[in-house]
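The values are calculated or read from the model by the stated rules, or taken from the named source; none is laboratory data. This is a predicted model, so every value here is computed, not measured. Heads up, the Cβs are rebuilt from the backbone with ideal geometry, glycines too, and the neighbour counts pull from every protein chain shown.
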Amino acid sequence: MHDGSGRIVVQGLSKQFGPITAVNNLSFTVEPGSVTGFLGPNGAGKTTTLRMLLGLVRPTAGGSTINGLPFDQLGNPGRVVGAVLEAQGFHPTRTARNHLRVYAAAMGVPDQRADQVLELVGLSEAARRGAGGFSLGMKQRLALATALLGDPQVLVLDEPANGLDPEGIAWLRTFLQSFARTGRTVLISSHLLAEVEQTVDQVVIISRGQTVYYGSLDYLRQSQQSRVLVQAADPQALVVKLQEAGVNAIEQTPDGRLAITGVDRKTVADLAMAAGIALYDIQQETVDLEQLFFRLTQGQYTGQQPGYGAPPPGYGPPPGGGYGPPPQGYAAPGLRARHARPRATRHPSTRNQAYTQQPSQVRTRI
Amino acid sequence: MGRLISAEFRKILTTKMWWALLIPTVALAALWSIGGNALIGAVLDQINNNTVVAQLRLDFNHLPWSTLIFARTVNISAIFPIVFGALALSSEINRRTITTSYLTAPNRGSLLTAKLITYAVWGLVFGVVISAVASIGMLIASRPEQLPDAVSWLEIAASGVVSCMLWTLLGMGVGALFGSPIASIISLLLYTLLVENLIGSLLPDNWPGILINGSADGLTGSVASQLVVAKVPNIGGLMTGEAQTLFSDLIRTAAGARGAFDWWISGLIFAAWAAVFAVGGWLMSKTRDIT
């Protein structure tokens, strides 16, 4: 029997699809009682990893356990793990209620449970309609209802926000947090950090099939300090003054400004004032988590090695060519094309916007 | 296992496929059964009116001809249980419901076992329906003296039911092997209706009887043709020796069982074919990545 811990352990997981390495020696642990975000750009190997965890794809190497056991040894897995992997797995003419009753029978839960979960996700009205006529948002809700059917201890969701309206996203956020608060486990994947930023406590960030960050979101946030950008009449003099005051984290930006880390705007202005150095411009710059996420995962698109703290290429827009012709390392488009998702229809320019300066106005966060 | 079987039954009963296939099954079986028996009646009328036959005092009327039509009806109507079986796993893969099916089953093996049992039952249902329709058609359209006796009827009906069940499982195996509804249905129908007839016609002696369709037809066809052949000596005093052998072969061919072995050998060969495809589909499903 499984240990009932609610812990997910992924160890050295690798998957090779022909010549393409989708996942490469991935390891992380997901603890119960928290919502863990599983982040990475499209094609980073998120879906493949989740499907290996759930026994749907056979790993080339490594393994994973839920509650201390591989998926196929859980006994009645529907009562332990609920999964939302895609909003497509429905027979078009089978009604939502019948769809749930099929799997209620498979898990051995009473039929009334089907009506309960429909109520929970707000689909009671559509219970007797075929899932083929559902909107994407309704399909996502039905997929979630299916995942919750067995009242599982662990919930695994692959891009669940796709197709949900802002109201649905807000509902999902509240739901997942309260679900985790009862000591259960939530693992939620997304290709946008901003999308899950308000929901998750822990993050696993992967890029090109490898882990690039694994830990708490707060720690990630703290690791990035804000900078003050100043344009001074005499930069050299200001640097000397700052160093005298014990501020050493000073860089020159390409446009001739100084970037000072670890102090606030007021300190810099006071120092300049005392030294009699004129300031033409001064601004506080806060690093958006989205930019941080982008920097951690950019290797995937630019062909560079992904890495921690790779020197930031300035704080301007992301390096050009981010969405140019995908480099060879980009995980096979052919492979991904099979589960064409609605997100693929988003225009890249919308996403570039998100990566640059105004993420909050571009998409609703969950 | 009981839980998964009940889930499989719900899967079938909550969509239209089962009756969408059962209706044409009934229609086709009725058409073949009634049409075939009526045709035999008409042909026999012609023969009986022939002066040569009358002078030789040959009596073709008192043979259970309807059993040949019965075997033919089962063999042709079996295409629907084949399609039904072929869709068992492949449509789940196609509709992507297989993801949830695997996620709610203890392991792949148990889901596949549940499907195998469920579709064996549905194959029997198709077999019973086809045999019932073929029997009713026989009662309507056949001359009373050409009907089989009760025991013979039970024999051919049982062979028909078993044949349909094995066809369903074979179809399921092929569907699981290919993983695509269209590929599996087209290749199954193309093979059973066309390709094997071409191969079979080129093979000598008993060789057609070991092929897939040949053994399946042999299961039902041999039962029927043996019932008729057993009565061949009754045709008349002239039906002896070589003539008898020749005529018996003719009857077997008419029953769709040319070159077939005895019904039980044919049945075993066909069961082996079904097992080969079921095992192949099973192994394929165990390792197939659901991406």
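Observations, loosely collected:
Per-residue answers, yes or no, for (1) surrounded by 20 or more Cβ atoms within 10 Å (Cβ to Cβ); (2) more than 14 Å from chain A (Cβ to nearest Cβ); (3) under 27 Å from the mean Cα position of the chain (by Cα):
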site	(1), (2), (3)
B:Ile5	no, no, yes
B:Ile23	no, yes, yes
B:Ala27	no, yes, yes
B:Asn49	no, yes, no
B:His62	no, yes, yes
B:Phe70	yes, yes, yes
B:Thr73	yes, yes, yes
B:Ser101	yes, no, no
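- Which listed residue, of B:Ala134, B:Ala105, B:Ala114, B:Ala158, is part of a helix (DSSP H, G or I) and either within 14 Å of chain A (Cβ to nearest Cβ) or within 30 Å of A:Leu100 (Cα to Cα) (or both): B:Ala114
- Among the residues of the range B:253-291, those identified as aromatic (Phe, Trp, Tyr), over 15 Å from the mean Cα position of the chain (by Cα) and either within 14 Å of chain A (Cβ to nearest Cβ) or part of a helix (DSSP H, G or I) (or both) are B:Phe277, B:Trp282.
- Of residues in the range A:101-130 being within 10 Å of chain B (Cβ to nearest Cβ) and part of a helix (DSSP H, G or I), the one nearest to B:Ala114 (Cα to Cα): A:Ala106
- Here B:Arg57 meets each of (1) within 14 Å of chain A (Cβ to nearest Cβ); (2) of a type in the set (Lys, Arg); (3) in a loop (DSSP other than H, G, I, E, B) with one exception, condition (1).
- Some residue of the range B:169-192 being on the phi > 0 side of the Ramachandran plot and surrounded by fewer than 22 Cβ atoms within 10 Å (Cβ to Cβ): yes
- Yes/no for B:Phe80 being within 13 Å of B:Phe126 (Cβ to Cβ), away from chain A (no Cβ under 13 Å) and of a type in the set (Phe, Trp, Tyr): yes
- Candidate set: the range A:65-92, residues that are more than 12 Å from every other protein chain (Cβ to nearest Cβ) and part of a loop (DSSP other than H, G, I, E, B); chosen: the one surrounded by the most Cβ atoms within 10 Å (Cβ to Cβ): A:Asn67
- Residue that is surrounded by the most Cβ atoms within 10 Å (Cβ to Cβ), among those in the range A:102-149 that are closer than 14 Å to B:Ser101 by Cβ and not hydrophobic (A, V, I, L, M, F, W, C): A:Thr146
- The single condition among (1) surrounded by fewer than 21 Cβ atoms within 10 Å (Cβ to Cβ); (2) in contact with a strand residue (DSSP E or B) (Cβ under 6 Å, 6 or more places away or on another chain); (3) over 30 Å from A:Pro32 (Cβ atoms); (4) at pLDDT 80 or above that A:Ala232 does not meet is (1).
- Scanning the range B:1-51 for residues that are within 14 Å of B:Leu139 (Cα to Cα) and at pLDDT below 90 turns up B:Ile40, B:Gly41.
- In this structure, A:Leu155 does satisfy being under 25 Å from the mean Cα position of the chain (by Cα), buried (at least 17 other Cβ atoms within 10 Å of the Cβ) and in a strand (DSSP E or B).
- Condition met for B:Leu31 (out of contact with any helix residue (DSSP H, G or I) (no Cβ under 6 Å at 6 or more places or on another chain) and within 24 Å of B:Trp153 (Cα to Cα)): yes
Here's the yes/no breakdown for (1) within 30 Å of B:Arg95 (Cβ to Cβ); (2) in contact (Cβ under 8 Å) with a residue 60 or more places away in the chain; (3) touching a strand residue (DSSP E or B) at 6+ places or on another chain (Cβ under 7 Å):
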| site | (1), (2), (3) |
| --- | --- |
| A:Asp3 | no, yes, no |
| A:Ser34 | no, yes, yes |
| A:Gly43 | yes, yes, no |
| A:Met52 | yes, no, yes |
| A:Val57 | yes, no, yes |
| A:Leu69 | yes, yes, no |
| A:Gly75 | yes, yes, no |
| A:Gln88 | yes, yes, no |
| A:Pro92 | yes, no, yes |
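- Scanning the range A:25-64 for residues that are more than 18 Å from the chain's Cα centre (by Cα), away from chain B (no Cβ under 14 Å) and more than 27 Å from A:Gly183 (Cβ to Cβ) yields a count of 3.
- Considering only residues in the range B:84-99 that are at the interface with chain A (Cβ under 7 Å from one of its Cβ atoms) and not polar (S, T, N, Q), the one that is farthest from B:Trp18 (Cα to Cα) turns out to be B:Arg96.
- The range A:262-286, residues that are of a type in the set (Ser, Thr, Tyr) and surrounded by fewer than 15 Cβ atoms within 10 Å (Cβ to Cβ): A:Tyr280, A:Thr286
- Complete set of residues in the range A:229-273 that are assigned to a helix (DSSP H, G or I) and within 16 Å of A:Gln284 (Cα to Cα): A:Arg265, A:Lys266, A:Thr267, A:Val268, A:Ala269, A:Asp270, A:Leu271, A:Ala272
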